[in-house]
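**Q** Please find one structure pasted underneath; my questions will follow.
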Amino acid sequence: MLRQQPLWAAGSSSLSLSAARLARLLVHLVVLAASMPFAVATYGTLSDESLARIPTAGADFDIHNGKLLAPILIPRVPGTPGSRAVQQHFVRFFQEQLPAWEIEWHNSSAKTPATGDQLIPFANLIFRRDPPWAAPGDVARLTLAAHYDTLYQPEGFIGATDSAAPCAMLMHVARSIDAGLTAKWEAMKAAGEAGNGLEEERGVQIMLLDGEEAWVKWTATDSLYGSRALAEAWESTPYAPLSTFSNPLGSISLFVLLDLLGARSPNVPSYFQTTHWAYQRMASLEKRMRKLRLLASEATKQFLPESGKAMSQFARGFVEDDHVPFMARGVEILHVIPHPFPSVWHTMADTAGNLDIPTVDDWAKIVTAFTAEWMDLDGMLPSIPAQHEVRETAKTEL
Ligand SMILES: [Zn+2]
């Protein structure tokens with residue numbers, strides 16, 4: 001991501017609210033809370049036992065030969081062979097390891113200020129798993145996103161935190177919840193609860209977005225090429241009449257955007273008041289996993305330290321990133337991006353060697369836990385030895 005707006009400046013006036021205005025504001029917030037489905041999280045909590053079943057990515061996050069991360073650690077400028085190689089890496093992973101996930105390409109093209117009249121291709125990849133009985137327009141989807149493209153300049157820029165590592169984290173999330181989703185939906189079918197209309201249909205989708213970076217200088221038109229095209233396309237692609245949602249944009253229950261993750265000791269603020277409850281859920285999972293000694297990084301404080309943030313502390317400033325075209329169309333956003341940015345940001349030092357792998361692994365586990373909790377997978381996750389370790393062993397023996 002590129003442009004960082006002043007975060008707290010816009011909110012400074014809120015500190016000097018008069019008592020009467022504050023009271024009115026509070027009344028307004030209560031009314032808002034009552035009318036907003038997002039203000040009340042209705043799903044259960046993951047048990048300690050389930051948290052212990054969240055797998056680590058282990059050797060798959062090795063920067064030299066790790067199966068998930070290493071293939072992404074190359075320059076990925078849109079339209080170049082590096083970009084295509086990484087797209088194939090994502091697609092092959094889902095095709096081979098997670099065949100139940102639907103794969104959708106969203107292609108667009110645009111001119112950039114760096115490349116004159118040439119049309120540059122941008123390809124977003126969406127990987128989706130819905131309840132098998134549900135019509136596409138009836139599923140509310142937790143949407144996890146990261147961008148995979150890299151800066152055009154400086155040449156050879158790797159973008160390990162920006163955002164190779166977040167992409168690898170999301171691949172790990174998908175494979176870590178896959179068996180749990182199958183188990184949950186099988187159990188619902190067996191109990192006659194499949195598609196009975198009593199509960200909201202919940203799915204999950206992972207978006208690996210292209211063209212986030214500016215080619216010359218960050219502006220409204222030189223940035224977010226992929227996400228702008230996708231949000232626009234989805235808004236104008238209606239679902240069948242009488243569907244729960246009018247279009248794929250409306251089916252996004254929460255847009256969780258990961259960016260600039262993978263450096264040691266990140267500080268991720270809570271940016272948005274309307275999704276602060278979701279931030280708190282993720283922060284609570286982080287806290288519990290640390291207490292249960294399930295995380296590996298040596299953190300002196302939480303990655304997500306702002307659970308106790310007061311409503312009056314939320315400012316209007318935010319970091320411009322792939323969520324912007326979605327947020328502008330009313331989608332709820334949880335932006336998981338550190339402030340300050342990693343010190344290597346947009347330099348040639350944003351390399352594999354400067355990632356803190358225990359931090360990368362911990363983020364993958366925290367986001368997996370958040371997703372598993374959201375999808376109500378308590379009691380549905382397989383025990384750890386039944387997952388990748390066994391598969392790895394079996395493969396090695398062949
Ligand atoms: Zn960037």
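**Q** I'm told L249 meets every condition in (1) assigned to a loop (DSSP other than H, G, I, E, B); (2) more than 30 Å from P136 (Cα to Cα); (3) modelled with pLDDT of 95 or more; (4) touching a Lys or Arg at 6+ places or on another chain (Cβ under 8 Å) except one. Can you identify the failing condition by its number?
**A** Here L249 meets the rest and fails (2).
**Q** Now for a separate question. Filter segment 159-178 down to the residues that are among the small types (G, A, S) and either touching a helix residue (DSSP H, G or I) at 6+ places or on another chain (Cβ under 8 Å) or at positive phi (or both), then identify the one that is surrounded by the fewest Cβ atoms within 10 Å (Cβ to Cβ).
**A** Per the stated criteria, the residue is A174.
Residue-by-condition table, conditions (1) surrounded by fewer than 21 Cβ atoms within 10 Å (Cβ to Cβ); (2) of a type in the set (A, V, I, L, M, F, W, C):
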residue: W218; (1), (2): yes, yes
residue: A240; (1), (2): yes, yes
residue: V268; (1), (2): no, yes
residue: E286; (1), (2): no, no
residue: S297; (1), (2): yes, no
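**Q** Something else: Taking segment 129-175, which residues are more than 12 Å from the ligand (Cβ to nearest atom) and in a strand (DSSP E or B)?
**A** R129, V139, A140, R141, L142, T143, L144, A145
**Q** Here are some conditions: (1) farther than 23 Å from P75 by Cα; (2) within 16 Å of the ligand (Cβ to nearest atom); (3) among the hydroxyl-bearing types (S, T, Y). S223 meets all but one. Which one does it not meet?
**A** (1) is the only condition that S223 fails.
**Q** Scan segment 305-316 and give yes if some residue there is among the small types (G, A, S), surrounded by 18 or more Cβ atoms within 10 Å (Cβ to Cβ), touching a helix residue (DSSP H, G or I) at 6+ places or on another chain (Cβ under 9 Å) and in contact (Cβ under 8 Å) with a residue 12 or more places away in the chain, otherwise no.
**A** We begin by selecting, within segment 305-316, every residue among the small types (G, A, S); these are 307-308, 310, 312, 315.
Add one more test, that the residue is surrounded by 18 or more Cβ atoms within 10 Å (Cβ to Cβ), and what stays is 315.
Subset that is touching a helix residue (DSSP H, G or I) at 6+ places or on another chain (Cβ under 9 Å): 315.
Retained after the next criterion (residues that are in contact (Cβ under 8 Å) with a residue 12 or more places away in the chain): 315.
The answer is yes; a qualifying residue exists.
**Q** With the requirement that a residue be hydrophobic (A, V, I, L, M, F, W, C) and part of a helix (DSSP H, G or I), what does segment 180-197 give you?
**A** Step one: filter segment 180-197 for residues hydrophobic (A, V, I, L, M, F, W, C), giving 181, 183, 185, 187-188, 190-191, 194.
Across segment 180-197, the qualifying residues are L181, A183, W185, A187, M188, A190.
**Q** Which of the residues that make up segment 237-280 are among the small types (G, A, S), out of contact with any helix residue (DSSP H, G or I) (no Cβ under 7 Å at 6 or more places or on another chain) and under 30 Å from H346 (Cα atoms)?
**A** Across segment 237-280, the qualifying residues are S265, A278.
The values are calculated or read from the model by the stated rules, or taken from the named source; none is laboratory data. Given the structure is predicted, the values throughout are model-derived calculations rather than measurements. All Cβ positions, glycine included, derive from the backbone under ideal geometry; neighbour counts span all protein chains shown.
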